[in-house]
1. Collect residues whose amide H, placed 1.01 Å from N in the peptide plane, falls under 5 Å from the amide H of G92; neighbours closer than 5 in sequence don't count.
2. If I stretch the segment between S79 and T32 completely, what's the gain in nm (0.36 nm per residue apart, minus their alpha carbon distance), one decimal?
3. Go through region 89-138 and name the GluC sites (Glu not before Pro) that are in a DSSP coil and have 10 or fewer other Cβ atoms within 10 Å of their Cβ.
4. Sequence-distant or interchain residues sharing an amide H contact under 5 Å with D123, placed H: which?
5. Please turn the phi angles of region 86-91 into ³J(HN,Hα) values with the Karplus equation 6.51 cos²θ - 1.76 cosθ + 1.60 (θ = phi - 60°), one per residue in order, whole Hz, x for glycine and proline.
6. Binned at 5 Å from 0, what are the whole-percent values of the Cα-Cα distance distribution for region 28-150, short to long?
Amino acid sequence: MNLLRTTTMLLSGALGLLLAACSGAAAGGEITVSNARVPVPAGANGAAYMALTNGGDGADQLLSVSSDVAEAVELHETSMQGGSMSMQAVEGVEIPGGGEVVLEPGGLHVMLIGVTEDLAEGDTVDLTLTFENAGEQTVSAEVVPLGDMPGMDMGSEPMDMSS
């Protein structure tokens, strides 16, 4: 009887440790997406912007984004290089534990390449975000007028989009 009690206690302890480890892993996967929006595309390509907040203790990474309204979707970053704006694809976007990353004009953003639908103000675009720890999350981004986008004034510098 003593052996059965000891075995039961050991198995209960192991199960408790396993559950604690699993809940700790989930702590790195608490991503909240807010203010998702897509300006009305002015041509064949468009962009999406949003805020990503990590409520967990560990860092997470946005690995990719997909959408049915574009032939391809990529994560990009705009930066100044040699006096002109340049845009390059990035492999992912890290969101630190307890932190926030804002995807915005002139910085990190989502590129919608080859938009396949006529998007008008008030429409919504479904974006599926894939995170390293948090997994997939689909959000609806509102299509907004281009002029209503904060931070859209990037000056008169030419932009190199040859990446």
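1. Under 5 Å from the amide H of G92: no residue qualifies.
2. Here the segment from S79 to T32 would lengthen by 14.3 nm.
3. Listed in order of number, the matching sites are E91.
4. The answer is V143.
5. Ordered by residue, 3J(HN,Hα) equals 9, 10, 10, 5, 10, 6 Hz.
6. In whole percents, the pair-distance histogram is 2, 12, 22, 24, 20, 12, 6, 2, 0.
Values in this text are rule-based calculations from the coordinates and carry no lab data. No experiment lies behind these values; they were computed from the predicted model shown. Methodologically, a virtual Cβ is constructed for each residue, glycine included, from the backbone with ideal geometry; neighbour enumeration extends over all protein chains shown.
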